[in-house]
1. For segment 87-132, how many residues meet the condition of being out of contact with any Phe, Trp or Tyr (no Cβ under 6 Å at 6 or more places or on another chain), of a type in the set (S, T, N, Q) and within 18 Å of Ala36 (Cβ to Cβ)?
2. Consider segment 35-61. How many of its residues are more than 8 Å from the ligand (Cβ to nearest atom), more than 15 Å from Ala96 (Cβ to Cβ) and not in a helix (DSSP H, G or I)?
3. For segment 101-133, how many residues are of a type in the set (A, V, I, L, M), within 15 Å of the ligand (Cβ to nearest atom) and in a helix (DSSP H, G or I)?
4. Quick check on this structure: which one of Ser8, Ser64, Ser98 is part of a helix (DSSP H, G or I), of a type outside the set (A, V, I, L, M) and either surrounded by fewer than 20 Cβ atoms within 10 Å (Cβ to Cβ) or within 15 Å of the ligand (Cβ to nearest atom) (or both)?
5. Considering only segment 67-95, state which residues are charged (D, E, K, R), surrounded by 14 or more Cβ atoms within 10 Å (Cβ to Cβ) and farther than 16 Å from Glu7 by Cα.
6. For a quick check of your reading of the model, give me the residue pairs whose first member lies in segment 53-70 and is more than 13 Å from Thr135 (Cβ to Cβ) and in contact (Cβ under 8 Å) with a residue 12 or more places away in the chain, whose second is more than 6 Å from the ligand (Cβ to nearest atom) and β-branched (Val, Ile, Thr), with beta-carbon atoms closer than 8 Å and at least 6 apart or on different chains.
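We did not get these values from a lab; they are worked out from the coordinates using the rules stated. In this text, all values refer to a predicted model and were calculated from it rather than measured experimentally. Neighbour counts run over all protein chains shown; Cβ positions are idealised from the backbone, glycine included.
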Amino acid sequence: MRAVVVESCFGNTSKVADAIIEGLNSAGVEVERFPAGSAPRRLSADLVLVGAPTHNMSLPTPASRGQAVEKGGTAPARGVREWIADLESVDGRIVAFSTTAGGMFAGSAGKAIVKEFKRRKIRAERGQDFTVKGTPGPLADGELERAREWGRTVGGSQA
Ligand SMILES: Cc1cc2nc3c(=O)[nH]c(=O)nc-3n(C[C@H](O)[C@H](O)[C@H](O)COP(=O)(O)O)c2cc1C
């Protein structure tokens with residue numbers, strides 16, 4: 001089984017997750033998708049893909065989620081940051097992905113995800129960052145196709 005755990009305020013990271021899942025499915029792989037806020041605290045899968053939007057060059061916090069809501073987004077009470085902090089056990093290869101506005105000072109929630117897992121002494125790899133055109137999106141041209149292809153290869157390699 002492959003699992004995708006995702007957080008999203010404006011829907012872009014969620015769309016990337018859907019495209020990654022389409023790619024995994026096309027490689028003949030079954031996937032379970034969890035919103036980070038309700039993902040299990042014990043998770044066992046061959047591959048766990050964890051994705052979030054980049055906020056302030058890092059993972060969303062309660063404060064940055066509040067700013068997203070002020071800009072018209074929706075904010076889960078708990079996201080990837082809280083899920084990682086509260087994890088009891090996770091089994092399998094972990095690969096991070098994120099959405100960013102791109103550019104030199106964008107930072108990456110993917111990088112922050114790897115760091116948060118490291119804090120918990122859990123190994124995670126940095127996967128791909130996908131570019132949005134602005135805070136509410138949309139995704140830059142071709143990014144959903146890239147996400148689909150990445151899903152196919154990252155999951156397919158272990159099928
Ligand atoms: C409070 C806040 C801070 C942000 N900070 C950054 C940032 O440091 N770097 C960046 O590339 N994008 C930043 N963004 C833009 C987000 O990356 C963008 O809204 C997100 O990728 C959209 O994904 P979503 O639709 O899944 O929420 C920020 C957005 C918000 C709301």
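1. Adding up the residues that qualify gives 4.
2. Just the residues of segment 35-61 that are more than 8 Å from the ligand (Cβ to nearest atom), to begin with: 35-51, 59, 61.
After this cut, where a residue has to be more than 15 Å from Ala96 (Cβ to Cβ) as well, the list is 35, 37-38, 40-42, 44, 46, 61.
This time we only want the ones that are not in a helix (DSSP H, G or I), so: 35, 40-42, 44, 46, 61.
Counting residues in segment 35-61 that are more than 8 Å from the ligand (Cβ to nearest atom), more than 15 Å from Ala96 (Cβ to Cβ) and not in a helix (DSSP H, G or I) gives 7.
3. So in segment 101-133, the residues of a type in the set (A, V, I, L, M) come out as 101, 104, 106, 109, 112-114, 122, 124, 132.
Restricting the remaining residues to those that are within 15 Å of the ligand (Cβ to nearest atom) gives 101, 104, 106, 109, 112-113, 132.
Those left that are additionally in a helix (DSSP H, G or I): 109, 112-113.
So the count comes out to 3.
4. Values: Ser8 fails: part of a helix (DSSP H, G or I); Ser98 fails: part of a helix (DSSP H, G or I).
Sole residue among the options that is part of a helix (DSSP H, G or I), of a type outside the set (A, V, I, L, M) and either surrounded by fewer than 20 Cβ atoms within 10 Å (Cβ to Cβ) or within 15 Å of the ligand (Cβ to nearest atom) (or both): Ser64.
5. Within segment 67-95, Arg93 is the sole residue that qualifies.
6. That search, which allows pairs on different chains as well, returns Leu59/Val80; Leu59/Ile113.
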